[in-house]
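The values are calculated or read from the model by the stated rules, or taken from the named source; none is laboratory data. Everything numeric here is computed off the predicted structure, so don't read it as measured data. In this analysis, Cβ positions are derived from the backbone assuming ideal geometry, glycine residues included, and neighbour counts consider all displayed protein chains. Each accessible area value is taken on the protein alone, full model and side chains, heavy atoms only, with ligands, DNA and RNA left out. Shrake-Rupley method; radii C 1.70, N 1.55, O 1.52, S 1.80 Å.
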Amino acid sequence: EKGGYKHFMLKEIYEQPDAVADTLRFGVEDMPSVFGMSGKQIKNIKKIQIIACGTAYHAGLCSKYFIEEYSGIPVEVDYASEYKYRFVPSTPGTLAIAVSQSGETADTIAAMKKAKEAGFKTLAICNVLGSTLTRMADHTFFTRCGLEISVASTKAFTSQLAALYGLAVFLGFQRGVLNSAQFKKYSTEFFALPRLLENTIKNTAEAVKKTAKKIYKEKTFVFLGRSANYPIALEGALKLKEISYLHAEGFPGGEIKHGPIAIIDSHVPVFVLAPKDNLFEKMLSACEETAARGAKVIAVTDKKGAEILGKKVFALVKIPEANSFLTAILNAVVVQFFAYYIADLRKCEIDQPRNLAKSVTVE
Ligand code: BG6
């Protein structure tokens, strides 16, 4: 059942190009029905409220960057467990989006209930049709990534990101923020995601494994990213915590100098997500600042970024060139590989980490 892979997690990492291709098995013309919104409904959206837990929360946080830029709609992202117990202004025209692999996470269900009580329109992005969440929501976008067995979520995460990216492009076009040419460009890139993911897997697995061998004995790891890559840094740290029980933290690249840099020394490897985009120079400084404190810097970048970072860093992992937002989805694969190989070298129970359950059905 593991199809020759040592763990389900590794199998599911490799399944991502197919999982995302299945999730995106629709055409541009089908978008209104897959996202369940008419042009008029879309024009009336004033705010998007995303609610989710764990890895699904990181998908939501990442999507804030592209939904806001492409559609102009303000996006707020909350941990479901926080949303449930905080004061929420009942802003008219709010669309609440719950993101969940299982559709059975009690915190997310409770938050969804609150959103419904506030009178918000609701959309579930979910991998299990017929789950509690999908029965509550006005509409469901089904991530067709298949059964995910490993407790640590991988293919569900990239499928959620793909769904949210598609939603961003669709909303942007419907609201007239993106013109036809931009819509065409972004949707073409979007539908090419499976191929980009395949190339990412092909080009990064060995490099990550080799690097993991050099640093797996360390006890603290830092992940840095900016914009849509910041939540991927958070996800990289979460994955490492979940399956290797190591101390890992994710920060926005620009924030490290405001405190976290104090923990950096030669025993804290720093994983820098630095595609060659408008924030590359900033990430380059993050590499230099942490390297100056002795950190082994592992930079994840593309061909153009590698030409500049080449000799400045401890290790390089090269992803295919893509638009800045899509690099976040590709980098998700790289941080998954990294957590996987570290945990494997440390002989951890990868598919069934201690203290964790695949789906937490109590609040
Ligand atoms: C956690 C799982 O308890 O729930 C995580 O261990 C998961 O892997 C999170 O991301 C949310 O689960 P779901 O099913 O709502 O996406």
Dipole of the chain, positive end: most advanced residue of 7, 96, 222 [Cβ charges, Cα centre]: 222
Two-site FRET efficiency, residue 149 against residue 191, from Cβ-Cβ distance with R₀ of 30 Å, rounded to 0.05: 0.65
Linear extension gain, residue 258 paired with residue 43, 0.36 nm per residue minus alpha-carbon span: 73.4 nm
Net charge dipole size for the range 192-259 [Lys, Arg +1 and Asp, Glu -1 on Cβ; Debye, nearest 20]: 300 debye
Check: the range 79-210 dipole with +1 on Lys, Arg Cβ and -1 on Asp, Glu Cβ, in debye: 200 debye
Solvent-accessible heavy-atom area per residue, rounded to whole Å², over the chain at 1.4 Å: 40 Å²
Whole-percent carbon and sulfur share, accessible surface of the range 172-312, 1.4 Å: 51 percent
Separation of alpha-carbon centers, the range 245-263 and the range 1-20, rounded to whole Å: 31 Å
Probe 1.4 Å - accessible area at residue 82, Å² to nearest ten: 110 Å²
Sequence-distant residues sharing a close amide H with residue 140 (under 5 Å, placed H): 124
Over 31 Å (Cα to Cα) - which of 11/241; 64/214; 114/276 fall in this group: 64/214; 114/276
Chain lengthening between residue 247 and residue 218 when straightened (0.36 nm per residue, less Cα-Cα): 9.5 nm
Residue 136 accessible area, 1.4 Å probe, all protein chains in place, Å² to nearest 10: 40 Å²
Net dipole in debye of the range 302-356 [+1 Lys, Arg Cβ; -1 Asp, Glu Cβ; about Cα centre; nearest 20]: 260 debye
Modelled FRET efficiency - R0 25 Å, residue 278 with residue 18, Cβ distances, 0.05 increments: 0.20
Residue-span extension gain [residue 182 to residue 91] - 0.36 nm each, minus C-alpha spacing: 29.8 nm
